[in-house]
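Presented below is the structure to which this report refers.
The values are calculated or read from the model by the stated rules, or taken from the named source; none is laboratory data. What you see is a predicted model, and the numbers here were worked out from it, not measured in a lab. Cβ sites come from the backbone with ideal geometry, for glycine too, and all protein chains shown count toward neighbours. Ligands, DNA and RNA are excluded from the accessible area calculation, which covers all protein heavy atoms including side chains. Shrake-Rupley method; radii C 1.70, N 1.55, O 1.52, S 1.80 Å.
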Amino acid sequence: MSILKVTRLGHPVLRKVTENIAAKELKTPAMQKFIDDMVETMKEYDGVGLAADQVFTSKQVAVLEVADNPRYPNKAKVPLTVLVNPKITPLSDEMEEDWEGCLSIPDLRGRVPRYKTIRVQALDRRGKKLDFVAANFHARVIQHEYDHLNGKVYLDRMRDFTTLTFLQEFARYWMKKYR
Ligand SMILES: [Zn+2]
């Protein structure tokens, strides 16, 4: 497995809508290795999710996992999940604001409104159908990755930029206020 280079904001690939992955392509050793590399890369950089366009590949696949993560402590755990060609549907209009960061926008963090509960339909890495409900931080991570696959980043979803902060200032000025 290899650690892949992460695309930074400004690279045009991050603003493109990614391509659907056909069943045949998903099964190829090259695509399976790519998914392994995405998982490895996400873990290496302590990400809770990674979309393919964040590693220069404009395809509809994202990986996520919330374990003991130093970047996001005290969050409910989510097992390693691979989402291929995902679709999401909000299950209510209820939204919640919380902090997000992004490996493609290093050192920054801001408060982003997201749907609290969503239905997720996708394929797993073997092409098996997934259909589940995600809530709270789990739903947030999926919405963040889904946005990547559609050429959007979390900055596009912020209501305003008054909470946008570097990580060092986050620890100093914001953590207590929002704990
Ligand atoms: Zn991101």
Condition test on LEU155, is it in contact with a Cys (Cβ under 9 Å, 6 or more places away or on another chain) and either outside any strand (DSSP E or B) or on the phi < 0 side of the Ramachandran plot (or both)? yes
Members of segment 1-18 found to be loosely packed, with under 13 Cβ neighbours inside 10 Å, over 19 Å from GLY47 (Cα atoms) and free of Cβ contacts under 8 Å to residues at least 60 places away in the same chain, listed by number: GLY10, PRO12
Open to solvent by less than 50 Å² (accessible area, probe 1.4 Å) and of a type outside the set (Phe, Trp, Tyr): which single residue out of ARG114, ARG71 fits that description? ARG114
Got at least one residue in segment 33-43 being more than 11 Å from LEU4 (Cα to Cα) and in contact with a Ser or Thr (Cβ under 8 Å, 6 or more places away or on another chain)? no
For a quick check of your reading of the model, give me the residue pairs whose first member lies in segment 67-93 and is over 20 Å from GLU19 (Cβ atoms), whose second is assigned to a loop (DSSP other than H, G, I, E, B) and polar (S, T, N, Q), with beta-carbon atoms closer than 8 Å and at least 6 apart or on different chains. LYS75/ASN69
Which of the numbered conditions does THR163 fail, given that it passes all the others? Conditions: (1) within 15 Å of the ligand (Cβ to nearest atom); (2) of a type outside the set (A, V, I, L, M, F, W, C); (3) surrounded by 14 or more Cβ atoms within 10 Å (Cβ to Cβ). (1)
Where residues in segment 95-108 are in contact with a Leu (Cβ under 6 Å, 6 or more places away or on another chain) and assigned to a strand (DSSP E or B), which of them is surrounded by the fewest Cβ atoms within 10 Å (Cβ to Cβ)? ASP107
Under the condition of being more than 11 Å from the ligand (Cβ to nearest atom) and of a type in the set (A, V, I, L, M), which residue from segment 123-156 is surrounded by the most Cβ atoms within 10 Å (Cβ to Cβ)? ILE142
